[in-house]
Structure formats: structure tokens, C-alpha cells
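The values are calculated or read from the model by the stated rules, or taken from the named source; none is laboratory data. Computed from a predicted model, the values in this text were never measured in an experiment. So basically every Cβ, Gly included, is an ideal-geometry build from the backbone, and we count neighbours across all protein chains shown.
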Amino acid sequence: MEIPGPWTHEQAVVGDVRLHYVTAGDPDDPLVVLLHGFPEFWYSWRRQIPALADAGFRVVAPDMRGYNRSEKPHGVGSYGTDELVGDVVGLIEQFDRERAHVVGHDWGGVVAWETAIREPETVDSLAVLNAPHTGRYRDELRESAEQRRRSLYALYFQLPRLPEFTLGARGGTGVAAMLRATAAPGAFEEADLRRYREAACRPGALTAMLNYYRAAFREGVREEVSALLGGSRPDRRVRVPTLLVWGEQDAALSTELTEGLARWVPDLRVERFPEASHWVQNERPEAVNDLLSGFLGH
């Protein structure tokens, strides 16, 4: 069932995958692409879509590949960074644009970072919510025992089948429990959690969602091995104006990840919310909406 709201539901073949997305705003306004994280879907942006449309943007919020009503290609390799960035570029082209403002949270934030790094000519500006720059994150993993501890869940997600079972048991109660445990009280209403459970329990969805972590782990191992063998690390500089929004009560990501970014992101603005968790756009929607509208419209 489609979720009603001030948006339109659409589907299109983007590259090699069919994506479901919602759109809002005047078709002639500047394009903003909103990329959700794990374990959500486009609905993650329900409080931002109408606000950005009212601020003068054409907004598109996809279910990223593997999620909710979008196609779920088989195999870990279908969720590599090249494929995920290709979806963003293809979605921009779907709207007959050469460039867009790209906004991402959590996994969508990782994809947003990588889109700006790999395809800077397609990105007008970048806004990321509680997702680390990939180069900074890998440095922090090497240097910080605390961040390694916080990231242990990602190792658990490398296991076959067991994470799918624990998250999907009894109609996705594991997904709901994870969201509740990592958010401030009241961040998610029961109706929201029910929608996330239903989306995660679509056939093939949980494996597809977890394959983001599995593909990233494999890519990271290959990069580290290449560096040990004398290969050069990829250039991860971001050459577009960037806003980083961070809820400091993030259970999985330390606030230190917002520091030491100058060598990668010279044109950077950081806005921190000391009392907000990882789910900052749910907990501080009005403040986040004001930040995004002002930054993207600068």
C-alpha cells in the first residue's frame, strides 16, 4: 500500500535496476536527492520532503536498491559502491538533470559521500547526516579501539543468514527493537515502526539490505590489502560545498568522526546536535529542515 502524503509515488528503471521513489515540488525547481539509511526506506525523509518542496526544491526520495519496493538484485556484488553511486547518477538523469543537491543519512550518507567523490560533476552540493566520510572512518577504525567496539555489529552482519533471522523474526521485531534501542524516546511512533517492519520483511529485502555491509567489508579488505602491497589509496577528496549534520548521541559512530576532515573536505560546515541520536532528522526535524533549506539554497 502506498503511504499517502504531499508526494507522488513513481517507479523507473535506473541503469540495471527498477527503483521506487517519491517526488514532491515544482518540476522546474532545483533537484534534491534524499538517500535513506539502514534499515529504513524513503519514509525516513517524511518530515523533510514537504519542507524542502515548500522551500523551492524538486525533491526525489528513492527506496535505494534492495529496499522496500525497489528491485532487489541477487548477490553481494550487486551492492558495491560503483553500483550504488550509479543509481544516484542514473536517478539524476531520470529527471533530465545533469546535477543535483545530494543529501544522505546513514548508508545513504555513505553513498552521498562517494557520489560527490567519484562523480563531482553531478553534485551541486552535499549534505550528510550521521554518516562518516569513508577515508576518515577507516582511519578512525585503525586508530580507535572505541570506534572498533562500536562497529562490531557490522562484523555480525557479515555472517550468513543469522542476521536476517534475528532482524526479521516475528515480522521484523528485531528491526523495530534496533531502532528503538538507538533512538531517543519518541523518535519513532508505533506506526512508523510498523512500516519499517513491513518494508524490511518484503521477500529478499533483509538480505539485500545487509549486503550493503557485506559488499563494503569486502571492498575495504581489498583496499587494505592493496595498500599493504604498495598500491595507492583512492583519492577521497570532496570538491563540492558540504554540510555535515551530526547527532552526538550516536550509538555506533563517535563524534570524533566529524573532526580532522579538512584534508578531505576543504569546503565543510559541521552542525552538531548534542542531545540527538543517530536519527537526527526524526528527533530534530524543524532544525534539520532549516539547515538543509538554507544550505542547499545558498
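Quick one: which residue in 66, 37, 5 is under 23 Å from residue 188 (Cα atoms), touching a Ser or Thr at 6+ places or on another chain (Cβ under 7 Å) and of a type in the set (Gly, Ala, Ser)? Show your work before the answer.
Values: 66 fails: touching a Ser or Thr at 6+ places or on another chain (Cβ under 7 Å); 5 fails: touching a Ser or Thr at 6+ places or on another chain (Cβ under 7 Å).
Every option except 37 fails the conditions.
The residue list 22, 14, 60 contains one member that is modelled with pLDDT of 95 or more and either surrounded by fewer than 19 Cβ atoms within 10 Å (Cβ to Cβ) or farther than 26 Å from residue 179 by Cβ (or both), which is 14. The residue that is farthest from residue 40 (Cα to Cα), among those in the range 92-110 that are aliphatic (A, V, I, L, M) and either surrounded by 23 or more Cβ atoms within 10 Å (Cβ to Cβ) or free of Cβ contacts under 8 Å to residues at least 24 places away in the same chain (or both), is 100. The set of residues in the range 223-256 that are within 19 Å of the chain's Cα centre (by Cα), farther than 30 Å from residue 185 by Cβ and aliphatic (A, V, I, L, M) comprises 238, 240. When residue 274 is tested against (1) in contact (Cβ under 8 Å) with a residue 24 or more places away in the chain; (2) surrounded by 14 or more Cβ atoms within 10 Å (Cβ to Cβ), just one condition goes unmet, and that condition is (2). May I ask you to verify whether residue 264 is over 18 Å from the mean Cα position of the chain (by Cα), on the phi < 0 side of the Ramachandran plot and crowded, with 16+ Cβ neighbours inside 10 Å? Against the criterion (over 18 Å from the mean Cα position of the chain (by Cα), on the phi < 0 side of the Ramachandran plot and crowded, with 16+ Cβ neighbours inside 10 Å), residue 264 qualifies. Give the residue that is farthest from residue 47 (Cα to Cα), with candidates limited to residues of the range 142-154 that are in contact (Cβ under 8 Å) with a residue 40 or more places away in the chain and part of a helix (DSSP H, G or I). Out of the qualifying residues, it is 146.
Checked against (1) buried (at least 19 other Cβ atoms within 10 Å of the Cβ); (2) under 28 Å from residue 259 (Cβ atoms), residue 175 passes all but a single condition, namely (2).
When residues of the range 108-139 are filtered for being more than 19 Å from residue 255 (Cβ to Cβ) and either small (Gly, Ala, Ser) or in a helix (DSSP H, G or I) (or both), how many remain?
Residues in the range 108-139 being more than 19 Å from residue 255 (Cβ to Cβ) and either small (Gly, Ala, Ser) or in a helix (DSSP H, G or I) (or both): 12 in total.
Scanning the range 39-57 for residues that are under 17 Å from residue 69 (Cα atoms) and buried (at least 22 other Cβ atoms within 10 Å of the Cβ) yields 39, 40, 41, 42, 44, 45.
Could you list, in sequence order, all residues of the range 252-296 that are of a type in the set (S, T, N, Q), within 25 Å of residue 47 (Cβ to Cβ) and not in a helix (DSSP H, G or I)? Let's see the steps before the verdict.
If we filter the range 252-296 for residues that are of a type in the set (S, T, N, Q), which is where we start, we get 254-255, 258, 277, 281-282, 289, 293.
Imposing the further condition that a residue be within 25 Å of residue 47 (Cβ to Cβ) reduces the set to 255, 258, 277, 281-282, 289, 293.
Within the range 252-296, just 277 meets the criteria.
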